[in-house]
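Chemist: One structure coming up, written as structure tokens, with questions to follow.
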Amino acid sequence: MTPHSLLDGHEDGPVGNGFPSQTDGQAPSSQQTGSVHQLNVSNLRRTSPEEVHDLICVGFGPASLAVAVALHDAINHGSLPKSGDSSPSPKVLFLEKQDRFSWHSGMILPGTKMQISFIKDMASLRDPTSQFTFLNYLHRNDRLVEFTNLNTFLPARAEYEDYLRWCAGFFDDVVKYNTEVIAVAPVEVSDPAGSISTFTVTSRDVKSGTSTVHKARNVLIAIGGQPLLPKSLPADHPRVVHSSQYSHVVPNILSKPDSPYRVAIIGAGQSAAEIFNNIQTLYPNSKTFLVSRSEFLKPSDDSPFVNSIFNPSFVDALYQRSPEDRRFLLEDSRSTNYGVVRLELIERLYERMYDQKRELGSDARKWPHRILSATDVVSLDAKGDQLRLTVRPLGSGRYTVCGWAEEDAKHGADETETLDVDLVIAATGYQRQSHLTILQGVAGLLPEIKESNGSTASNGTAKASSAGIQDRALGVSRDYSVQFSPGKVSKGSGIWLQGCCEGTHGLSDTLLSVLAPRSGEIVKSIFGDNASKVSR
């Protein structure tokens with residue numbers, strides 16, 4: 001999911017050149033600016049690469065960061081041993097493809113705010129006394145009183161990313177950046193009837209290409225989503241950009257703020273609307289097109305009863321339901337997260353469309369900024385830097401603009417329009433299937449499809465997801481562990497999935513809302529209530 005946010009209304013204009021620092025495309029973190037936390041380290045300690053780890057986490061985004069925080073807190077409270085105690089502390093390693101911690105940095109736009117309360121941080125809902133709460137971050141950076149005076153639960157998105165990077169900085173000893181995991185496979189045992197207790201995690205250095213193999217009893221996969229482009233757009237054209245790279249790439253492509261750039265944005269959700277708004281601010285002479293299949297820009301539903309779907313307890317309620325009931329409920333609640341825009345931004349864009357009609361007349365084709373709703377992208381013809389985007393109206397054949405039909409309604413449903421643009425930005429979401437490729441090596445440990453059809457497993461906890469590997473079912477237990485065939489994997493070992501279990505665990509699976517309590521559940525599930533599962 002993109003980091004949906006509010007727009008301040010008082011500060012949607014450019015800061016500097018309108019984008020974060022051009023040195024790395026990201027807002028500066030408190031780690032870079034010399035905050036006191038640089039001297040702090042976590043309770044987790046580096047483990048020799050040759051040793052068998054208790055847990056290796058694939059990916060080090062917010063989901064794995066929350067697990068690291070939960071492990072630190074468990075050691076702090078004595079639930080797990082601390083390094084130097086009679087029992088060894090957990091041997092944990094995080095492998096991350098990026099060169100440092102980053103959270104949706106390509107969409108950290110000026111004036112954008114979070115849509116969820118800061119209380120849903122890395123720790124508060126699990127343990128509000130943790131040192132990793134957002135309030136402690138403010139305290140340590142000498143901004144607690146000033147933030148309180150803002151009278152809001154919604155921090156700036158840039159500040160929240162800085163908070164996450166502040167947390168991540170504590171765990172540098174146990175994170176390997178620039179490391180892409182390419183495969184997880186079982187370590188075969190000599191007895192064919194024996195069970196697997198260890199997995200290999202094969203990774204590749206993204207700079208040198210060198211491969212490394214680590215071993216672990218437990219593996220958690222939390223690699224996030226991969227940008228999804230419509231099939232009608234080329235995947236490798238330098239002027240076709242996914243929204244996740246917006247603030248990194250656009251300043252280099254559109255380098256002259258006063259130029260009359262023409263930009264098409266594809267999508268109907270918050271990210272598409274934010275970019276549509278932001279381009280007009282950064283480039284006052286630009287022409288912009290917001291192209292979406294949806295008939296209207298729809299407001300997100302953040303009302304209290306509906307948003308209980310993001311409560312940690314709702315995961316239990318949803319998981320117990322039948323696959324059909326889960327699908328119905330998830331579809332019924334899509335307006336909380338998918339293809340929706342904050343009402344404040346919708347109202348701002350509507351006012352802009354109204355002003356254009358008042359000033360320039362009813363023919364929307366003469367407006368510099370157009371919303372082409374109920375419209376499909378047919379193709380893109382790319383010749384050098386010049387792009388020709390062909391679009392076609394759906395249904396009646398009439399483009400609608402915030403409820404107004406364009407004056408030229410004589411063209412039929414099959415008539416297309418060509419938009420000459422300098423840049424196409426696809427705010428078209430993410431896919432979450434890469435874990436299936438990484439887990440190809442464990443297919444033989446999974447039950448055959450016919451053995452697992454969505455019914456309750458023998459232990460009463462597992463339900464099959466719609467995903468599978470080869471001819472095997474990838475079932476996920478309530479505690480997010482992969483359900484293997486009976487006897488295939490030893491107790492105390494396993495594989496855990498994060499961010500790809502929406503079908504069984506709900507809309508919060510890919511979001512920030514339940515990270516703190518969920519990480520505590522996972523640590524308890526892997527390591528138990530005591531240190532009995534920590535390797536000796």
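The values are calculated or read from the model by the stated rules, or taken from the named source; none is laboratory data. Owing to the predicted nature of the structure, the values given are computational and were not obtained by experimental measurement. We place every Cβ from the backbone using ideal geometry, glycine too, and count neighbours over all the protein chains shown. The accessibility values were calculated without ligands, DNA or RNA, using every heavy atom of the protein model including side chains. Shrake-Rupley method; radii C 1.70, N 1.55, O 1.52, S 1.80 Å.
Chemist: So, in region 310-323, exactly how many residues are among the hydroxyl-bearing types (Ser, Thr, Tyr) and either at pLDDT below 90 or open to solvent by less than 40 Å² (accessible area, probe 1.4 Å) (or both)?
Modeler: Of region 310-323, the ones among the hydroxyl-bearing types (Ser, Thr, Tyr) are 313, 319, 322.
Now drop any that are not either at pLDDT below 90 or open to solvent by less than 40 Å² (accessible area, probe 1.4 Å) (or both), which leaves 319.
Residues flagged as among the hydroxyl-bearing types (Ser, Thr, Tyr) and either at pLDDT below 90 or open to solvent by less than 40 Å² (accessible area, probe 1.4 Å) (or both) within region 310-323 amount to 1.
Chemist: Does SER247 satisfy the condition of being within 25 Å of ILE346 (Cα to Cα), surrounded by 16 or more Cβ atoms within 10 Å (Cβ to Cβ) and of a type in the set (Ser, Thr, Tyr)? First the steps, then the outcome.
Modeler: Working: within 25 Å of ILE346 (Cα to Cα): yes; surrounded by 16 or more Cβ atoms within 10 Å (Cβ to Cβ): yes; of a type in the set (Ser, Thr, Tyr): yes.
It is true that SER247 is within 25 Å of ILE346 (Cα to Cα), surrounded by 16 or more Cβ atoms within 10 Å (Cβ to Cβ) and of a type in the set (Ser, Thr, Tyr).
Chemist: Only residues that are farther than 23 Å from ARG388 by Cβ and polar (S, T, N, Q): list them for region 207-265, please.
Modeler: Listed by number, the residues that qualify are SER208, THR210, SER211, THR212, ASN218, GLN226, SER244, SER247.
Chemist: Can you name every residue in region 374-415 that is among the polar types (S, T, N, Q) and either surrounded by 13 or more Cβ atoms within 10 Å (Cβ to Cβ) or at pLDDT 80 or above (or both)? Don't jump to the end; show me each part of the working.
Modeler: Let us first name the residues in region 374-415 that are among the polar types (S, T, N, Q), namely 375, 379, 386, 390, 396, 400.
Those that are among the polar types (S, T, N, Q) and either surrounded by 13 or more Cβ atoms within 10 Å (Cβ to Cβ) or at pLDDT 80 or above (or both): THR375, SER379, GLN386, THR390, THR400.
Chemist: Another question, then. Do we have ASP173 as surrounded by fewer than 24 Cβ atoms within 10 Å (Cβ to Cβ), in contact with a Phe, Trp or Tyr (Cβ under 9 Å, 6 or more places away or on another chain) and touching a residue at least 24 places away in the same chain (Cβ under 8 Å) here? Show your work before the answer.
Modeler: Working: surrounded by fewer than 24 Cβ atoms within 10 Å (Cβ to Cβ): yes; in contact with a Phe, Trp or Tyr (Cβ under 9 Å, 6 or more places away or on another chain): no; touching a residue at least 24 places away in the same chain (Cβ under 8 Å): yes.
When the stated conditions are applied, ASP173 does not pass them.
Chemist: In addition: With the requirement that a residue be assigned to a helix (DSSP H, G or I), of a type outside the set (A, V, I, L, M, F, W, C) and touching a strand residue (DSSP E or B) at 6+ places or on another chain (Cβ under 8 Å), what does region 344-368 give you?
Modeler: Initial filter on region 344-368 (assigned to a helix (DSSP H, G or I)): 344-360, 364-366.
Those left that are additionally of a type outside the set (A, V, I, L, M, F, W, C): 344, 347-348, 350-352, 354-359, 365-366.
Within region 344-368, GLU344, ARG348, ARG352, GLN356, LYS357 qualify.
Chemist: Here's a follow-up. What's the number of the only condition in (1) farther than 30 Å from ILE265 by Cα; (2) at pLDDT 90 or above; (3) within 30 Å of the chain's Cα centre (by Cα); (4) charged (D, E, K, R) that LYS491 fails to meet?
Modeler: Status for LYS491: all satisfied but (3).
Chemist: With respect to PHE314, determine if the residue is free of Cβ contacts under 8 Å to residues at least 24 places away in the same chain and among the hydrophobic types (A, V, I, L, M, F, W, C).
Modeler: Details: free of Cβ contacts under 8 Å to residues at least 24 places away in the same chain: no; among the hydrophobic types (A, V, I, L, M, F, W, C): yes.
No: the conditions fail for PHE314.
Chemist: Only one of ILE522, ILE469 is modelled with pLDDT of 95 or more, of a type in the set (A, V, I, L, M) and surrounded by 15 or more Cβ atoms within 10 Å (Cβ to Cβ). Can you tell me which?
Modeler: On the way: ILE469 fails: modelled with pLDDT of 95 or more.
Being modelled with pLDDT of 95 or more, of a type in the set (A, V, I, L, M) and surrounded by 15 or more Cβ atoms within 10 Å (Cβ to Cβ) holds for just one of ILE522, ILE469, which is ILE522.
Chemist: Continuing with the same structure: Which ones in region 132-151 are surrounded by fewer than 22 Cβ atoms within 10 Å (Cβ to Cβ), in contact (Cβ under 8 Å) with a residue 12 or more places away in the chain and assigned to a loop (DSSP other than H, G, I, E, B)?
Modeler: The initial filter retains those residues of region 132-151 that are surrounded by fewer than 22 Cβ atoms within 10 Å (Cβ to Cβ), namely 135-136, 138-151.
Now drop any that are not in contact (Cβ under 8 Å) with a residue 12 or more places away in the chain, which leaves 135, 140-141.
Hit for region 132-151 is ASN141, nothing else.
Chemist: So, THR428, is that one assigned to a loop (DSSP other than H, G, I, E, B) and either modelled with pLDDT of 90 or more or touching a Phe, Trp or Tyr at 6+ places or on another chain (Cβ under 8 Å) (or both) or not? Steps first, please.
Modeler: Working: assigned to a loop (DSSP other than H, G, I, E, B): yes; either modelled with pLDDT of 90 or more or touching a Phe, Trp or Tyr at 6+ places or on another chain (Cβ under 8 Å) (or both): yes.
Criteria met by THR428.
Chemist: Based on what the data block shows, is ILE371 among the hydrophobic types (A, V, I, L, M, F, W, C), under 15 Å from SER292 (Cβ atoms), modelled with pLDDT of 95 or more and in a helix (DSSP H, G or I)? If you could, list the steps in order and put the result at the bottom.
Modeler: Values: among the hydrophobic types (A, V, I, L, M, F, W, C): yes; under 15 Å from SER292 (Cβ atoms): yes; modelled with pLDDT of 95 or more: yes; in a helix (DSSP H, G or I): no.
No; evaluated as a whole, the condition is false for this residue.
Chemist: What pairs come out if I take residues in region 49-62 that are in contact (Cβ under 8 Å) with a residue 40 or more places away in the chain and part of a strand (DSSP E or B) and pair them with residues that are of a type in the set (Gly, Ala, Ser) and open to solvent by 50 Å² or more (accessible area, probe 1.4 Å) whose C-beta lies under 9 Å away, six or more apart or interchain?
Modeler: Listed pairs, sorted by first residue: none to list.
Chemist: Let me ask something additional. Would you tally the residues in region 416-443 being within 30 Å of PHE484 (Cβ to Cβ), free of Cβ contacts under 8 Å to residues at least 40 places away in the same chain and open to solvent by 20 Å² or more (accessible area, probe 1.4 Å)?
Modeler: Qualifying residue count for the region: 2.
Chemist: Only one residue in PRO155, PRO110, PRO90, PRO81 is open to solvent by less than 30 Å² (accessible area, probe 1.4 Å) and under 19 Å from the mean Cα position of the chain (by Cα). Which one? Talk me through it step by step, then tell me what you get.
Modeler: Numbers: PRO110 fails: under 19 Å from the mean Cα position of the chain (by Cα); PRO90 fails: under 19 Å from the mean Cα position of the chain (by Cα); PRO81 fails: under 19 Å from the mean Cα position of the chain (by Cα).
Only one candidate passes the filter, namely PRO155.
Chemist: Collect the residues in region 292-337 that are aliphatic (A, V, I, L, M) and within 20 Å of the chain's Cα centre (by Cα), keeping them in residue-number order.
Modeler: Looking only at region 292-337, we keep the residues that are aliphatic (A, V, I, L, M), and these are 297, 306, 309, 315, 317-318, 329-330.
Across region 292-337, the qualifying residues are ILE309, VAL315, LEU330.
Chemist: Out of the residues in region 474-510 that are among the aliphatic types (A, V, I, L, M) and open to solvent by less than 20 Å² (accessible area, probe 1.4 Å), which is farthest from PHE60 (Cα to Cα)?
Modeler: Filtering region 474-510 down to residues among the aliphatic types (A, V, I, L, M) leaves 474, 476, 482, 489, 495, 497, 507.
Right, trim to open to solvent by less than 20 Å² (accessible area, probe 1.4 Å) and you get 474, 476, 482, 495, 497, 507.
Details: LEU474: 23, VAL476: 21, VAL482: 20, ILE495: 16, LEU497: 13, LEU507: 21 Å.
Ranking the qualifying residues of region 474-510, first place goes to LEU474.
Chemist: Which of the residues belonging to region 53-72 are farther than 14 Å from ARG518 by Cα and either touching a helix residue (DSSP H, G or I) at 6+ places or on another chain (Cβ under 9 Å) or aromatic (Phe, Trp, Tyr) (or both)? Reasoning before the result, please.
Modeler: Here is the first cut: in region 53-72, the ones farther than 14 Å from ARG518 by Cα are 53-61, 72.
Those that are farther than 14 Å from ARG518 by Cα and either touching a helix residue (DSSP H, G or I) at 6+ places or on another chain (Cβ under 9 Å) or aromatic (Phe, Trp, Tyr) (or both): ASP54, LEU55, CYS57, VAL58, PHE60, GLY61, HIS72.
Chemist: Let me ask something additional. What are the residues in region 343-370 that are aliphatic (A, V, I, L, M) and more than 37 Å from the chain's Cα centre (by Cα), if any? Can you show your working first?
Modeler: Filtering region 343-370 down to residues aliphatic (A, V, I, L, M) leaves 343, 345-346, 349, 353, 360, 364.
LEU360 - this is the single residue of region 343-370 that is aliphatic (A, V, I, L, M) and more than 37 Å from the chain's Cα centre (by Cα).
Chemist: Right, another one. Being over 30 Å from SER519 (Cβ atoms) and surrounded by 14 or more Cβ atoms within 10 Å (Cβ to Cβ) is true for just one of ARG370, ARG342, ARG326. Which residue is that? Full working, then the answer.
Modeler: Values: ARG342 fails: over 30 Å from SER519 (Cβ atoms); ARG326 fails: over 30 Å from SER519 (Cβ atoms).
Just a single option satisfies the conditions, and that option is ARG370.
Chemist: Go through region 163-261 and tell me which strands (runs of 3 or more DSSP E), entirely inside it, have 1 or more residues that are under 16 Å from ALA427 (Cα atoms) and not charged (D, E, K, R).
Modeler: By residue number, 240-242.
Chemist: Would you mind telling me which numbered condition in (1) farther than 13 Å from VAL181 by Cβ; (2) in a loop (DSSP other than H, G, I, E, B) VAL67 fails?
Modeler: Exception for VAL67: condition (2).
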